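Colleague: The structure follows.
The values are calculated or read from the model by the stated rules, or taken from the named source; none is laboratory data. Here the structure is a predicted model, which means the values were calculated and not measured. Neighbour counts run over all protein chains shown; Cβ positions are idealised from the backbone, glycine included.
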Amino acid sequence: GAGVSQTPSNKVTEKGKYVELRCDPISGHTALYWYRQSLGQGPEFLIYFQGTGAADDSGLPNDRFFAVRPEGSVSTLKIQRTERGDSAVYLCASSFSGGSSYEQYFGPGTRLTVT
Amino acid sequence: AQTVTQSQPEMSVQEAETVTLSCTYDTSESDYYLFWYKQPPSRQMILVIRQEAYKQQNATENRFSVNFQKAAKSFSLKISDSQLGDAAMYFCARYGGATNKLIFGTGTLLAVQP
């Protein structure tokens, strides 16, 4: 079956612009995670959805970052007033449930470059 | 602090040889899960192997095995009979908190020499 997909694959934007990054999880997966991977680092947690609600947004760096999952499937990560420091690969993962026995499946990520 | 430490930024191994990647972690929990992920240049994170902390037996998946030392909070990955396709970035990770977000180390870049 289809895996986690993310669009766009690459995004170049100017400093100060608004961007949206999309994640399509595996069908039937109720848990969805966003991570950010800066160059030379491991991914860092941003936000976790269980169904439509953000169950844990403790990783969002500031109020310029926001994410939604209105129908419990597709999720959009939104970044306002982008800064050069936001440049990174943004990874999405989904899981059948948020339970610890379930594997998180990752998408290929969106590489965001802020110029 | 909930940290995962990988002290080897880069490793190299000859094809068909064995290599071990190191990982240590910090946790106050008694039951938790540990993982090794592979990330090739395509950026796709691929789960290599997982270990439940309550299991004393080390996990094994074909050519991949772990040495889990719970008291020492050590979780190393052994790759046997290395293949060219094993070349990638390898990340050690553990679940953190009630929402099971993954906490990753900084990674080890593995090169496989023909």
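Colleague: Tally up the residues in region A:1-25 that are modelled with pLDDT of 95 or more, outside any strand (DSSP E or B) and in contact with an Asp or Glu (Cβ under 9 Å, 6 or more places away or on another chain), please.
Modeller: Initially, region A:1-25 is screened for residues modelled with pLDDT of 95 or more, giving A:4-25.
If we keep only those that are outside any strand (DSSP E or B) as well, we get A:4, A:8-9, A:14-18, A:25.
Cutting the leftovers down to in contact with an Asp or Glu (Cβ under 9 Å, 6 or more places away or on another chain) gives us A:4, A:15-16.
Here the count works out to 3.
Quick grid of which residues meet (1) among the β-branched types (Val, Ile, Thr); (2) touching a Lys or Arg at 6+ places or on another chain (Cβ under 8 Å); (3) under 20 Å from A:Thr7 (Cβ atoms):
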{"position": "A:Leu39", "(1), (2), (3)": "no, no, no"}
{"position": "A:Glu44", "(1), (2), (3)": "no, yes, no"}
{"position": "A:Thr82", "(1), (2), (3)": "yes, yes, yes"}
{"position": "A:Ser101", "(1), (2), (3)": "no, no, no"}
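Colleague: Okay, moving on. Which of the residues that make up region B:55-102 are facing chain A (nearest Cβ under 10 Å) and either at pLDDT below 95 or surrounded by fewer than 17 Cβ atoms within 10 Å (Cβ to Cβ) (or both)?
Modeller: Result: B:Tyr95, B:Gly96, B:Gly97, B:Ala98, B:Thr99, B:Asn100, B:Lys101, B:Leu102.
Colleague: Continuing with this model, one more query. Looking only at residues in region A:79-100 that are over 14 Å from the mean Cα position of the chain (by Cα) and within 8 Å of another protein chain (Cβ to nearest Cβ), which one is surrounded by the most Cβ atoms within 10 Å (Cβ to Cβ)?
Modeller: Pass one, region A:79-100, residues over 14 Å from the mean Cα position of the chain (by Cα): A:80-85, A:96-100.
Now restrict to residues that are within 8 Å of another protein chain (Cβ to nearest Cβ): A:98-100.
Values: A:Gly98: 22, A:Gly99: 10, A:Ser100: 14.
Here the residue is A:Gly98.
Colleague: Pairs only if they're at least six apart or on different chains, beta carbon under 6 angstrom, first in region A:32-45 and basic (Lys, Arg), second part of a strand (DSSP E or B); list them, first residue then second.
Modeller: A:Arg36/A:Glu44; A:Arg36/A:Leu46; A:Arg36/A:Ala88; A:Arg36/A:Tyr90
Colleague: Let me ask something additional. Test of understanding: among B:Ala59, B:Ala72, which residue is touching a Ser or Thr at 6+ places or on another chain (Cβ under 9 Å), without any contact (Cβ under 8 Å) to a residue 12 or more places away in the chain and farther than 13 Å from B:Thr20 by Cβ? Talk me through it step by step, then tell me what you get.
Modeller: Values: B:Ala72 fails: without any contact (Cβ under 8 Å) to a residue 12 or more places away in the chain.
Testing whether each residue is touching a Ser or Thr at 6+ places or on another chain (Cβ under 9 Å), without any contact (Cβ under 8 Å) to a residue 12 or more places away in the chain and farther than 13 Å from B:Thr20 by Cβ leaves just B:Ala59.
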